[in-house]
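What follows is a set of notes on a single structure, which appears directly below.
The values are calculated or read from the model by the stated rules, or taken from the named source; none is laboratory data. All values derive from a computational prediction rather than experimental measurement. Heads up, the Cβs are rebuilt from the backbone with ideal geometry, glycines too, and the neighbour counts pull from every protein chain shown.
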Amino acid sequence: MSGLERDNNSKRFIAVDGGGTKTACVIGDGCGHILAACSGESSNIKSRPWDEVKLELSTLIERVMELSHSDSSQLDGIFLGMAGADRPEDREQFVSFLEERFAGKVPITIHNDAVTALSAGTWGEAGIVLISGTGSIAYGYLPETDTYVRAGGWGYLLGDEGSGFDIGKKALTAVMKQHDGRGAQTELTELILSHWSLRDPNQIITYVYGQPNVRTAMAELAKLVVTAAKSGDSMALTIMEEAIEELAELALTVNRRLADIQPGTETKQLPLVLSGGVFSDDWFMNLLGQQTGIRTSGLRLSRLRIPPVAGCYILALKQAGITITELVKKRIGAWETGRKV
């Protein structure tokens, strides 16, 4: 082991990926070894009280340090990718909290969680990420100009088109319309009632509004819509087709804006990394690939193969001046698959 690698081996980097449904946290050294990982509930400040978010983060950070037998004096950086926290006033909350927690001795960096998902898919290089989870957003990056471009991600009241929440909400609307007698028959009624162990649609309103995190509860219905669409339910198919068009528009808008910002840069062959629970289904992913604009764009679709939290870790290393070598990539990939490198 060289002196540089020995030095990097003793360093510690904490990475946090906070989405609308859950929060993942890992700690690793400067050589690509993930030493410990844990997860908790959502840390989205747009859907949870700030005090609860702070407690969630503190618990997770303390846990990975304990599991890895690490000391705060070893910390060389904390990198967070947080849903709903890419605006200056939001970032300041997190930075102030963590700077106070570590007495200002540890560099703190925060980005939108889409940035870190993109990094996990491209190892910090050029590309576009399209996320459809609880919410939805597209993010693009060109390293030549260190330029980030986003589309969407405006939250469930102002956007999140094509997201799990959006799909779930449309499914519930279809169920209630059928119940009223002003909508078409749909298999979604039976699927949703069975999923929530309810007897009839009249119970849905009480159940939904009684959820501690209504966005997560509704987003979970997306998988039922996929099931119904695969079986040929016309309402479910319509909902999924609308979601595909919305998501394609997000990705294509980012691709066009990247080309406008950097004329002459080849953006037609950029990787389009798909992330989020909705894209875990092969049928839905293939449906996006068949969408006319996506099919003719030249974008190279792939599903995210390592967790978004690994993207936070990758960016933490790059920010510390550590090169993401092929060996580092193998080590990070090995953590996810359980292999030894």
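Considering the stretch 124-174, and only residues there that are under 16 Å from the mean Cα position of the chain (by Cα) and polar (S, T, N, Q), the residue that is nearest to A184 (Cα to Cα) turns out to be S163.
Across the stretch 142-185, the qualifying residues are those that are touching a residue at least 60 places away in the same chain (Cβ under 8 Å) and assigned to a strand (DSSP E or B), and the one among them that is surrounded by the most Cβ atoms within 10 Å (Cβ to Cβ) is G152. Say whether the condition of being modelled with pLDDT of 90 or more, over 19 Å from S136 (Cα atoms) and assigned to a helix (DSSP H, G or I) is met by at least one residue in the stretch 278-290. Checked the stretch 278-290: at least one residue is modelled with pLDDT of 90 or more, over 19 Å from S136 (Cα atoms) and assigned to a helix (DSSP H, G or I). Of everything in the stretch 221-275 that's within 23 Å of the chain's Cα centre (by Cα) and among the small types (G, A, S), which residue is surrounded by the most Cβ atoms within 10 Å (Cβ to Cβ)? Step by step, filter the stretch 221-275, then rank; the result is A222.
For the stretch 106-117, which residues satisfy the criterion of being touching a helix residue (DSSP H, G or I) at 6+ places or on another chain (Cβ under 7 Å), in a helix (DSSP H, G or I) and aliphatic (A, V, I, L, M)?
So in the stretch 106-117, the residues touching a helix residue (DSSP H, G or I) at 6+ places or on another chain (Cβ under 7 Å) come out as 108-110, 113, 116-117.
Narrowing further to those that are in a helix (DSSP H, G or I): 113, 116-117.
Across the stretch 106-117, the qualifying residue is only A117.
Restricting L60, L55, L75 to residues that are at negative phi and touching a Cys at 6+ places or on another chain (Cβ under 7 Å) narrows the list to L60.
Taking the listed residues T116, T134, the one that is touching a residue at least 60 places away in the same chain (Cβ under 8 Å) and more than 18 Å from C312 (Cα to Cα) is T134, with no other qualifying. Against the test of being out of contact with any Gly (no Cβ under 9 Å at 6 or more places or on another chain) and either more than 30 Å from V214 (Cα to Cα) or buried (at least 19 other Cβ atoms within 10 Å of the Cβ) (or both), the options I34, I45, I78, I108 yield a single qualifying residue, I78.
When the residues of the stretch 267-277 are filtered to those that are within 17 Å of G121 (Cβ to Cβ) and not β-branched (V, I, T), the one that is modelled with the lowest pLDDT is Q269. Taking the criterion of being acidic (D, E) and under 19 Å from D233 (Cα atoms), the residues of the stretch 181-213 that qualify are E187, E190.
Where in the stretch 1-105 are there strands (runs of 3 or more DSSP E), lying fully within it, with 1 or more residues that are at pLDDT 85 or above, in contact with a strand residue (DSSP E or B) (Cβ under 7 Å, 6 or more places away or on another chain) and acidic (D, E)? Explain how you work it out, then say what you get.
On the way: elements: 12-18, 22-28, 34-41, 75-82.
The strands (runs of 3 or more DSSP E) meeting that bar are 12-18, 34-41, 75-82.
Does L299 count as out of contact with any Cys (no Cβ under 7 Å at 6 or more places or on another chain), surrounded by 13 or more Cβ atoms within 10 Å (Cβ to Cβ), of a type in the set (A, V, I, L, M, F, W, C) and farther than 19 Å from A114 by Cβ? For L299, the condition - out of contact with any Cys (no Cβ under 7 Å at 6 or more places or on another chain), surrounded by 13 or more Cβ atoms within 10 Å (Cβ to Cβ), of a type in the set (A, V, I, L, M, F, W, C) and farther than 19 Å from A114 by Cβ - is not met. Is the stretch 153-163 home to any residue that is touching a helix residue (DSSP H, G or I) at 6+ places or on another chain (Cβ under 7 Å) and over 16 Å from S47 (Cα atoms)? Among the residues of the stretch 153-163, at least one is touching a helix residue (DSSP H, G or I) at 6+ places or on another chain (Cβ under 7 Å) and over 16 Å from S47 (Cα atoms), which makes the answer yes. Of all the criteria given as (1) surrounded by 19 or more Cβ atoms within 10 Å (Cβ to Cβ); (2) of a type outside the set (G, A, S); (3) farther than 17 Å from P307 by Cβ, the one not satisfied by D113 is (3).
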